[in-house]
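Below is one structure; the comments refer to it alone.
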Amino acid sequence: MIHVTIYQNENSECVGFRTEGHAGYSEKGSDVVCAAASMLVINTINAIERYAKDPCSVINNDEVGLIAYYLVNGYPSADAGLLLNTMILGLVNMADDDNYTEYIDLTFEEV
């Protein structure tokens, strides 16, 4: 199962996230759930780096399926906030879909 934790500041703005695990939906290389979640997360990180330029910290470990992303200042720019909210929308839709509920777990934490 993919565990995703979304970290929010006191204004309910996303200031980071942590994904860990593998979906286990299918064999490695053909797991569409893992691929979809990974694409949402990696594209968001790349888009923030290219378009918003908010300073961040990124940690990853492919073996355990870990990606940890944190905004350095704890407050997203308008562009980064929009990109993060778009990623969250995609992950929420996946987690709420009856076909994928057992493969992705999504939680929100205030930091």
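Worth pointing out:
- Listed residues VAL15, LEU84, TYR51: farthest to the positive end of the dipole of the chain (Cβ charges): TYR51
- Helix axis angle, 78-96 relative to the chain longest principal axis, alpha carbon, degrees: 20
- Put simply, the amide H of ILE104, placed in the peptide plane, has neighbours under 5 Å in ILE2, leaving out anything fewer than 5 places away on its chain.
- Taking θ as phi - 60° and the Karplus parameters 6.51, -1.76 and 1.60, the scalar couplings of segment 31-36 work out to 7, 5, 5, 4, 4, 5 Hz in sequence order, x denoting glycine and proline.
- Surface per residue (accessible, 1.4 Å probe) for the chain, Å²: 59
- Counting only protein heavy atoms and a probe of 1.4 Å, the accessible surface of the chain is 50% carbon and sulfur.
- Cα Rg, Dmax (largest Cα-Cα span) when computed across segment 31-79, Å: 11.9, 35
- Other-chain or far-sequence residues with amide H under 5 Å of VAL15's (modelled H): TYR7, GLN8, ASN9
- Check: segment 56-111 dipole with +1 on Lys, Arg Cβ and -1 on Asp, Glu Cβ, in debye: 320
- Dimensions of the chain from C-alpha coordinates, computed as largest minus smallest value along each principal axis and given longest first, are 38, 23, 20 Å.
- Within the chain, percent of DSSP bridges classed antiparallel, to nearest 5: 70
The values are calculated or read from the model by the stated rules, or taken from the named source; none is laboratory data. The shown structure was predicted, so the numbers you read here are calculated from the model rather than taken from an experiment. Methodologically, a virtual Cβ is constructed for each residue, glycine included, from the backbone with ideal geometry; neighbour enumeration extends over all protein chains shown. The protein model used for the area step is the full one, side chains on, heavy atoms only, and it has no ligands, DNA or RNA in it. Shrake-Rupley method; radii C 1.70, N 1.55, O 1.52, S 1.80 Å.
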